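Reading through the structure tokens given below for one structure.
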Amino acid sequence: MSRTNDRLLLVDGRLVPGAGGAFETINPATEEVLGTAADASADDMDRAIAAARRAFDETGWATGHAFRARCLRQLREGLRRRADELRELTIKEVGAPRFLTFGAQLDAPVDDLAWFADLVDDYGWERDLGRAEPMGMPSHRRVVREAVGVVGAITPWNFPHQINLAKLGPALAAGNTVVLKPAPDTPWCAAVLGEVIAEETDFPPGVVNVVTSSDHALGAQLTQDPRVDLVSFTGSTATGRNVMASAAGTLKRVFLELGGKSAFVVLDDADLRAACSYAAFAGITHAGQGCAITTRILVPRERHDEAVEITARALAKLGAGDPQDDRTICGPVISAGQRERIEGYLEQAVKDGGAFACGGGRPEGRDRGFWIEPTLITGLTNDSRAAREEIFGPVLVILPHDGDDDAVRIANDSPYGLSGAVHGGDVERARGVARRLRTGTVSVNGGVWYGADVPFGGYKQSGIGREMGVAGFEEYLETKAIAEGV
Ligand code: NAD
């Protein structure tokens, strides 16, 4: 079906306008208004939750394994059929560099739906514990895994397809019904999911609801409603705290994927040029708007100045560019508000005694759109704000370390614990350092941990629970023990 520039909610199987009217979605590279998305009201959200509850309680969705797997495969095929349109939409709405849409910004998460569909077929849903005689009473015991119920999925804007599908895939594979509340900055990426589900799949009405809104309050509504059994949230640590507090009123299960301030550790036997060039590339991909991006580069003190020079030169060469261009690594940041926030961190860094080895402002010649130059800050310590807090822009801090123990100490001296990287000549030594990092994922010498089968998530204030992998799937399951008298 050809599309206008307005997109709708998916509530109870129907594509409908929002009772709150519509709100604009904007291209962050140009500030062009792309069109509008339905602006849901609290009543729309209420209807979506009621539909999800009814679909869970009154249909066979939760127990129909083969049917669920089929619907997930249909969703994957429907999204693949619209891949070209989705690629352009993602570049325009998210400001994602084109090259990333062939990976984590689009193609990879769409493909990963197959992994979750296969898991429905392969998972050990029931375990037979056999006979026993607890307290002299002969019993046959079984342990059954089943869906939790209604899932409220709340997502951010930075990797919208990846995060929306990393919640829908396992939640639906496990037999739950879902209300998805995406970020106000990227409503279209979610609304398209609603269109594909409504038009190209057999998902029964109410099993998936997509509720776009300009108002964060609709997310809070999901966390408070007693008909929602589990909140699966990805976003900032500050909002994660609010989600957890507000879900406590109804003792919901909460699953939180939050922020990070990950370290890129360069050991003294590493190829400094290769490691620092890679750190520059990894640190400003998608303008640094990734929770797991390694934004603190820890380098051997005796090679600090050389490392600064290599990294700064690599960052300047990569630059910030049009996300439509195949060669662009670093596009715009998502909004004027986010740009201001980043600029606040840059000002603070200077007040704290830092200096810019490159960048530090807006790139020349970009009068429209929301841009920040790739930036490297030197001269700070690990207790400065730029080194402790998540900036969520193309801004890296470089810090000296005095050997492996010191590097591990600095890397772990953070309220976060999401990810990290270690580069070294001796892989066993590098692996040893990786094992000492208190984070949910670590890359050694450029290894990529991303994949449907790999659990991803945070230690400390980076979150609770895991997304993806079997561990991620099991977040969406309850465990029931059944004992039969024999
Ligand atoms: P955010 O926390 O501002 O918003 C995330 C979502 O929460 C949005 O849908 C928003 O509308 C909703 N929301 C806001 N207030 C709410 C409330 N009180 N109750 C319920 N929902 C509420 O985050 P953002 O700015 O959209 O995204 C950037 C953040 O997301 C960064 O901190 C980043 O690290 C984090 N993130 C984490 C991961 C991860 O997997 N760990 C992945 C991507 C992004």
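Values quoted throughout were computed directly from the atomic coordinates according to the rules given, and no laboratory measurement underlies them. None of these values were measured; they are calculated from a predicted model. Neighbour counts run over all protein chains shown; Cβ positions are idealised from the backbone, glycine included.
A few notes on this one:
- Karplus-derived HN-Hα couplings along the range 371-381 (A = 6.51, B = -1.76, C = 1.60, θ = phi - 60°), whole Hz, x at Gly and Pro: 10, 9, 5, x, 10, 10, 9, 10, x, 9, 10
- Whole-Hz ³J(HN,Hα) from phi, Karplus 6.51 cos²θ - 1.76 cosθ + 1.60, for the range 463-479, glycine and proline x: x, 9, x, 10, 10, 6, x, 5, 4, x, 4, 5, 4, 9, 10, 9, 10
- Radius 12 Å from Cβ of Arg141, net charge of other residues (Lys, Arg +1; Asp, Glu -1): 0
- Here the Kirkwood formula puts the hydrodynamic radius of the range 262-452 at 16.4 Å, using every distinct Cα pair.
- Calculation over all alpha carbon pairs of the chain in 20 angstrom steps from 0 returns a P(r) of 24, 53, 21, 2, 0 percent.
- Radius 12 Å from Cβ of Ile91, net charge of other residues (Lys, Arg +1; Asp, Glu -1): -4
- Under 5 Å, built H, 5+ apart or other chain: amide partners of Glu478: Glu146, Ala147, Val148
- Note on the range 53-187: Kirkwood radius taken over Cα pairs, Stokes-Einstein applied at 4 °C and 1.567 mPa s, translational D equal to 77 µm² s⁻¹.
- The range 50-130 - convex hull of the alpha-carbon atoms, volume per residue in Å³: 140 Å³
- Cα-only Debye scattering, the range 196-326: base-10 log of I(q)/I(0) at q = 0.09, 0.12, 0.21 Å⁻¹: -0.49, -0.73, -1.15
- Across the cross-link table entries Lys351/Lys460; Lys317/Lys351; Lys92/Lys181; Lys261/Lys460; Lys252/Lys460, which are compared at the Cα atoms, the separations over 22 Å belong to Lys351/Lys460; Lys317/Lys351.
- Along principal axes, Cα extents of the range 429-486, largest first, whole Å: 56, 24, 21
- The range 144-167-the range 369-428 distance, computed between alpha-carbon centres (Å): 29 Å
- Quick note on the range 295-346: its Rg to Rh ratio, both from C-alpha atoms and Rh being the Kirkwood radius, is 1.07.
- Summing Lys and Arg as +1 and Asp and Glu as -1 over all other residues whose Cβ lies under 12 Å from the Cβ of Val470 gives a net charge of -4.
- Between Arg7 and Thr36, Ala37, Ala38, the built amide H atoms are under 5 Å apart, and every one of these is 5 or more places off in sequence or on another chain.
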